[in-house]
1. So which residues in the stretch A:30-48 are more than 23 Å from A:Gly399 (Cβ to Cβ) and either of a type in the set (Phe, Trp, Tyr) or in contact with a helix residue (DSSP H, G or I) (Cβ under 9 Å, 6 or more places away or on another chain) (or both), if there are any at all?
2. For the stretch A:73-102, give me each residue that is in a loop (DSSP other than H, G, I, E, B), buried (at least 18 other Cβ atoms within 10 Å of the Cβ), at the interface with chain B (Cβ under 9 Å from one of its Cβ atoms) and of a type outside the set (Val, Ile, Thr).
3. All but one of (1) within 14 Å of another protein chain (Cβ to nearest Cβ); (2) at pLDDT 95 or above hold for B:Gly227; which doesn't?
4. Name the residue that is nearest to B:Gly264 (Cα to Cα), counting only residues in the stretch B:153-193 that are assigned to a helix (DSSP H, G or I) and without any contact (Cβ under 8 Å) to a residue 40 or more places away in the chain.
5. Taking the options B:Val239, B:Val234, B:Val297, name whichever one is within 21 Å of B:Leu63 (Cβ to Cβ) and part of a helix (DSSP H, G or I).
6. Inside the stretch A:333-350, can you point out the residues that are more than 17 Å from A:Val419 (Cβ to Cβ) and either within 26 Å of the chain's Cα centre (by Cα) or among the aliphatic types (A, V, I, L, M) (or both)?
7. Which number in (1) surrounded by 24 or more Cβ atoms within 10 Å (Cβ to Cβ); (2) under 30 Å from A:Ala155 (Cα atoms); (3) more than 10 Å from chain A (Cβ to nearest Cβ) marks the one condition that B:Ala236 misses?
8. Does any residue of the stretch A:248-263 turn out to be hydroxyl-bearing (Ser, Thr, Tyr) and either modelled with pLDDT of 90 or more or surrounded by 14 or more Cβ atoms within 10 Å (Cβ to Cβ) (or both)?
Amino acid sequence: MAPLLELTGVSKSFGAVAALRDVHLDLHRAEIHGLVGENGAGKSTLVKILAGVHAPDQGTLALDGSELVLNGPASARAAGIAVIYQEPTLFPDLSVAENIFIGRQPLGVLRRIDTGAMRARTRDLFARLGVQLDPDRPARGLSIADQQLVEIAKALSFDARIVVMDEPTSALSGAEVERLFSVARTLRDAGAAVLFISHRFDEIFALCQRITVLRDGRWISTDQTDAVTIEQLVRRMVGRDISSMYPKTDATVGKARLEVRGLTRHGSFSDVSFTIHSGEIVALAGLVGAGRTEVIRAVFGVDRFDAGEVLVDGRRLPPGDTTAAISAGLALVPEDRREQGLVMEVSVARNLTLPRRWSLSRLGLLLGGAENRSARTWADRLRVKAGRLTNPVSTLSGGNQQKVVLAKWLSTRPGVLMVDEPTRGIDVATKAEVHGLLSQLAADGVAVLMVSSELPEVLGMADRVLVMHEGRLMADIPRARADEESVMLAATGQGNAS
Amino acid sequence: MAAQTALRTEPATPARSTAGARIVRRAFVVRELGIVLALALLVVVTAAVNPRFLSAQSIKDLLLGSTILAILAVGQTIVVVSRNVDLSVGSVLGLAAFATGSLFVASPNLPIPVVLLAGVLLGAACGAVNGALVAAARVPALVVTLGTLYVFRGIDYSWAGGRQINAANMPAGFLRMGSTAILGAVPYLALFAVVVLVVAGLYLSWYSSGRDLYAIGSNPSAAHLAGIPVGRRVFAAFVVSGALAGLAGVLHAARFGTLDANAGLGNELDVIAAVVVGGVAIFGGSGSVYGAAVGAVLLTTIGSALPVLGVDPFWQRAAVGALILAAIGLDRALSARLARRLRTRRGGRRA
């Protein structure tokens with residue numbers, strides 16, 4: 001029997017960057033197919049091709065053996081393909097029922113929307129999923145798990161034959177993951193093909209019949225689940241052994257640089273306490289939405305907090321004051337460099353010197369000389385590949401942009417460096433450079449606090465791993481005892497604080 | 001797919017579901033009810049000071065004054081819920097008004113429906129220019145319609161060339177339409193506004209393409225992913241807004257009789273004020289044409305009530321401004337409260 005959906009030789013480039021090269025994938029009826037790969041391996045591009053958002057440059061899609069051309073999300077839906085994105089895409093102002101049926105509402109007389117039927121069918125879908133959600137409430141304020149259930153109900157509502165789930169479990173608790181699994185199995189038993197994308201091997205192995213690996217936009221392998229091991233998969237994903245990737249050198253741990261005591265911000269996190277010493281790299285791990293970014297933003301003074309205190313080198317920081325935080329020696333490299341880390345339209349040089357514009361100015365004027373010299377020094381030190389330092393920073397690649405953000409803050413000579421997802425979306429080589437740099441900084445006596453969702457990075461780089469779950473610090477695991485299991489258990493709220 | 005498969009089924013809790021519906025309904029009601037109450041309060045206080053404020057003539061003037069603003073506000077709402085804005089409506093009104101006068105000068109015996117249709121089509125054409133630039137060229141609506149505000153007005157100026165068209169140039173029947181009332185206090189023109197309001201209101205809530213506009217305003221990228229033809233819907237919204245501005249232009253000509261190139265100058269800000277005061281979220285996704293229409297009536301009422309109350313007419317603009325700020329403040333407070341309730345409700349379910 002022909003596969004339900006078959007991708008043959010699919011390639012897709014964005015500008016000069018090849019996101020997918022000659023990728024093959026076949027999905028069978030009544031199968032859950034796992035898709036794994038590092039960030040940047042091309043998984044999300046593949047998802048967007050299946051969703052009809054991107055058209056492949058080369059290659060074909062075939063549904064039931066006949067060629068399928070998708071010219072937009074509507075035609076993907078018409079072909080019976082439903083995509084559940086990592087971050088659900090709902091309309092916050094519309095009701096849950098409308099979210100499910102938008103564009104396909106049941107119609108009554110004069111083609112007007114039959115709200116009664118829409119509500120009844122929504123209740124019916126929720127009953128099938130075994131969930132309690134009010135069809136009339138707006139989508140605004142739903143938890144991520146509930147939003148995903150709405151997306152799944154949407155897929156059920158048009159009897160999708162192919163359901164793509166893009167890292168659906170990354171923000172879910174244990175019970176919610178179990179519920180999602182049973183939904184996926186129900187879909188499979190009804191004859192649908194499910195493409196399940198996840199970073200968690202235990203989930204992939206528990207759920208999937210076959211597993212496909214992508215690396216750097218290429219298809220690497222497809223195997224029956226019982227024919228591969230986690231180690232084999234990891235090796236294929238990274239293309240090398242993990243241990244060589246993380247150049248963590250042992251550093252002597254010195255005095256306490258950053259102390260956080262009982263930090264609380266209602267609705268985001270509560271009673272978070274930790275200490276970071278000079279020479280130490282501490283990872284802050286946890287699931288998306290656990291409150292990690294919120295904590296470091298509050299420490300840096302971007303957001304206010306309701307209780308607790310932050311001390312740098314024993315001195316208390318005034319809350320909500322980033323200027324004081326910078327002069328005390330704190331630096332924050334934010335998660336979203338395009339939105340928060342850089343001024344995209346401004347030159348590389350200006351971006352590099354932005355936090356030091358006062359110290360570089362003479363009589364209050366920023367004259368080009370000092371600024372450009374300093375920018376050149378730091379660009380060289382971090383090996384930023386830029387045509388000219390006067391070009392807008394938006395012309396650089398993602399990895400080089402990240403280096404600019406890092407250089408910008410390193411140039412303030414911070415005593416405490418907080419980095420949020422420092423290697424998200426940058427290529428493997430630059431990743432290694434960033435890791436080397438963090439390691440070097442720690443060796444020079446800087447205290448580094450690294451928020452990361454990539455478990456290999458956390459385990460490879462950190463001297464200690466702090467794990468957050470739903471706004472609380474669950475565990476403080478030293479390097480020797482930190483492994484995938486202990487971190488994941490704490491991150492899903494099952495481990496005990498140790 | 002079997003319903004009874006291994007999914008964990010929790011006992012049904014219908015009480016909560018109705019509680020949710022109640023919260024939502026209340027938030028909706030409060031949004032429109034708040035402004036209706038403000039209007040009622042204003043009328044009652046003004047009438048207490050001067051009972052003649054409620055005379056048939058005074059009510060007729062009030063409704064007549066609200067009509068054109070309300071029609072523009074309905075068109076603007078359709079654009080604003082899709083997270084766009086149409087600043088060119090005042091210029092389109094001016095252009096359509098002058099075109100009406102010119103049509104009558106050229107052929108005084110044209111039937112009124114033909115003139116109405118001509119105004120609507122001219123407005124729709126202007127709206128199509130806006131819509132094409134916003135939807136196809138993907139230029140922000142604020143910039144596009146700011147540009148066409150000047151372009152349409154410029155065309156109007158060069159066409160009029162300083163000329164003025166007087167009531168004497170227009171047929172008596174047309175002018176009568178602009179000034180007579182039926183049932184004593186309801187002006188004939190207001191019926192146009194009522195029809196426009198009801199048709200637009202039903203369209204936005206009953207029809208799939210109307211709901212699409214709310215979806216687009218609520219989350220544009222999700223609307224694209226959901227397969228909604230975003231460009232086509234936004235284009236249509238601008239065409240409708242333009243067409244209604246064209247209709248308003250013809251009604252303006254009928255009401256005032258004297259026309260030059262300045263008709264409707266600066267109207268766009270009053271229209272947006274009416275829409276915002278009427279509870280339409282300026283970043284799209286929520287609000288109703290009914291609210292916007294009441295907003296138009298409220299703004300007009302303030303204009304005629306403040307002199308009666310002995311308030312210096314110079315303060316009128318400040319009062320309108322204060323009202324806008326109050327409306328936005330109320331909106332923020334309401335949505336914050338709604339968000340809090342929705343959160344705690346979910347927490348309750350999870351516990």
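The values are calculated or read from the model by the stated rules, or taken from the named source; none is laboratory data. Predicted, not measured: the structure shown is a model, and the values here were computed from it. Neighbour counts are summed over all protein chains in view; Cβ atoms, including those assigned to glycine, are modelled from backbone coordinates with ideal geometry.
1. Hits for the stretch A:30-48 are A:Ala30, A:Glu31, A:Ile32, A:Gly34, A:Leu35.
2. A:Tyr85, A:Pro88, A:Leu90, A:Phe91, A:Asp93, A:Leu94
3. For B:Gly227, the exception is condition (2).
4. Initially, the stretch B:153-193 is screened for residues assigned to a helix (DSSP H, G or I), giving B:153-160, B:167-169, B:172-179, B:188-193.
Cutting the leftovers down to without any contact (Cβ under 8 Å) to a residue 40 or more places away in the chain gives us B:154, B:158, B:168, B:172, B:176, B:188, B:191.
On the way: B:Gly154: 13, B:Ser158: 16, B:Ala168: 21, B:Ala172: 23, B:Arg176: 21, B:Tyr188: 20, B:Leu191: 21 Å.
Residue satisfying both the conditions and the ranking: B:Gly154.
5. B:Val297
6. Here is the first cut: in the stretch A:333-350, the ones more than 17 Å from A:Val419 (Cβ to Cβ) are A:343-350.
Selection gives A:Val343, A:Met344, A:Glu345, A:Val346, A:Val348, A:Ala349.
7. Tallying (1) surrounded by 24 or more Cβ atoms within 10 Å (Cβ to Cβ); (2) under 30 Å from A:Ala155 (Cα atoms); (3) more than 10 Å from chain A (Cβ to nearest Cβ), B:Ala236 fails exactly one: (1).
8. So in the stretch A:248-263, the residues hydroxyl-bearing (Ser, Thr, Tyr) come out as A:249, A:252.
Those left that are additionally either modelled with pLDDT of 90 or more or surrounded by 14 or more Cβ atoms within 10 Å (Cβ to Cβ) (or both): none.
There is no residue in the stretch A:248-263 that is hydroxyl-bearing (Ser, Thr, Tyr) and either modelled with pLDDT of 90 or more or surrounded by 14 or more Cβ atoms within 10 Å (Cβ to Cβ) (or both).
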